[in-house]
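Quick notes on the structure that follows.
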């Protein structure tokens with residue numbers, strides 16, 4: 001179950017409490033006894049960032065508000081402080097913690113965010129030796145905040161938990177059909193509509209990319225359409241989110257090497273999970289925007305009938321593609337979804353995919369690679385949204401020169417370029433299937449981590465959800 005985040009300004013006795021204070025405010029804390037005051041000031045002089053006081057009936061924690069060059073970096077430092085606080089709370093076996101900000105800012109929100117995201121666990125399939133975190137409830141008690149602000153954050157964090165669960169789920173429990181069923185269930189919980197197209201409808205729509213990738217599988221492909229359309233939507237044209245839903249990627253006949261390549265390819269549907277997570281948060285928070293999510297889903301197998309290198313397929317928009325590498329399959333299914341999006345006359349289309357290893361090699365786990373045709377204003381607003389939640393974006397070019405790498409002798413396009421700039425040529429391939437403002441996010445480096453990274457944790461991170469929700473909420477103001 002997600003960690004419960006709630007709002008309650010009543011401070012009862014014997015509650016475990018964390019006070020957030022500026023270093024120069026410590027001597028003004030009326031909550032401390034004289035001996036405690038002296039001890040805390042000694043700790044501050046020794047540059048301690050977290051001070052713990054055991055009152056036996058309950059514990060009191062002092063968190064020193066960090067300093068940073070920008071507001072965004074300060075908020076990130078607060079999230080990191082939340083991560084550090086969780087380690088102490090686990091040691092102390094604290095089940096419920098109340099946060100009280102003494103700095104007069106909204107620092108509690110960021111501490112709670114770091115706490116909550118750090119407290120995520122995926123132990124669904126453990127039958128023994130499971131060690132659930134003792135922390136169950138985080139309460140924000142700041143009178144300068146509102147219950148609505150806290151609930152909005154709680155819903156976004158629940159969406160991140162949901163995305164992490166989806167991505168961590170192994171393929172043995174998540175076929176394309178099962179993934180679409182989970183989207184339907186999320187829609188029922190949050191209030192958005194979901195329509196799932198089966199393989200026959202996919203074929204009738206001539207989605208040749210999705211059908212081709214699915215040819216080697218024993219499980220049918222699906223195409224999920226999720227829609228949040230409130231009556232008070234501020235946009236007349238929808239914002240469309242497209243997510244790569246490859247539930248498991250062997251590479252097809254262009255078989256992946258192993259280890260640390262095929263082994264973790266259950267995470268190749270992380271882009272689709274982002275789409276569902278953003279729809280979930282938008283619907284839960286009743287965001288006044290019309291948002292549509294499109295997810296083509298399949299696994300990529302080298303089974304009988306699998307598409308072979310050298311084959312030519314016809315895409316949803318009529319373009320022909322020479323498939324020279326069956327491990328470049330994500331762009332094939334995304335291309336069909338991107339051309340399908342045209343029917344909605346969208347305001348903007350954003351797509352998300354664990355698309356290329358070259359994007360991960362370019363910026364590592366520290367940022368999301370973006371490129372697109374939406375213009376400088378959209379890119380700048382997305383970058384600001386990413387900075388706000390510390391899911392930073394790095395923009396790469398889509399110069400026309402890259403298109404030459406995709407020229408085929410026998411088809412309109414080939415599905416891979418040369419050895420250089422592979423993440424850009426993948427984006428350039430997708431661009432051929434768009435005719436509207438569009439931004440591509442390659443999340444290969446951030447979606448799934450093999451070692452713990454602060455509040456992002458280990459394994460699925462939910463990267464992208466907070467960024468896009470922050471962006472959309474800015475548009476909704």
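Does residue 317 qualify as being in contact (Cβ under 8 Å) with a residue 12 or more places away in the chain, in a loop (DSSP other than H, G, I, E, B) and closer than 21 Å to residue 435 by Cα?
yes
The condition of being within 21 Å of residue 356 (Cα to Cα) and buried (at least 16 other Cβ atoms within 10 Å of the Cβ) holds for only one of 271, 216, 293, that being 271. Being modelled with pLDDT of 95 or more and out of contact with any strand residue (DSSP E or B) (no Cβ under 7 Å at 6 or more places or on another chain) is true for just one of 395, 407, 347, 329. Which residue is that? The conditions single out 407. Exactly one residue out of 457, 445, 462, 422 is within 17 Å of residue 324 (Cα to Cα) and either surrounded by fewer than 23 Cβ atoms within 10 Å (Cβ to Cβ) or in the same structural domain as residue 380 (by TED's automatic domain parsing) (or both): that is 422. Within segment 8-34, residues that are assigned by TED's automatic domain parsing to the domain that holds residue 102 and over 24 Å from residue 44 (Cα atoms) have Cβ atoms under 8 Å from residues that are exposed (fewer than 10 other Cβ atoms within 10 Å of the Cβ) and modelled with pLDDT of 90 or more in these pairs: 9/143, counting only partners at least 6 apart in sequence or on another chain.
For segment 3-43, a tally of residues being in a helix (DSSP H, G or I) and within 22 Å of residue 115 (Cβ to Cβ) returns 5.
Just to be sure, is residue 284 free of Cβ contacts under 8 Å to residues at least 60 places away in the same chain and assigned by TED's automatic domain parsing to the domain that holds residue 162? Explain how you work it out, then say what you get.
Details: free of Cβ contacts under 8 Å to residues at least 60 places away in the same chain: no; assigned by TED's automatic domain parsing to the domain that holds residue 162: yes.
So residue 284 fails the test.
The values are calculated or read from the model by the stated rules, or taken from the named source; none is laboratory data. Everything quoted here is computed from the prediction, not taken from an experiment. Because the Cβ atoms are built from the backbone with ideal geometry, glycine has one as well, and the counts that use them run over all protein chains shown.
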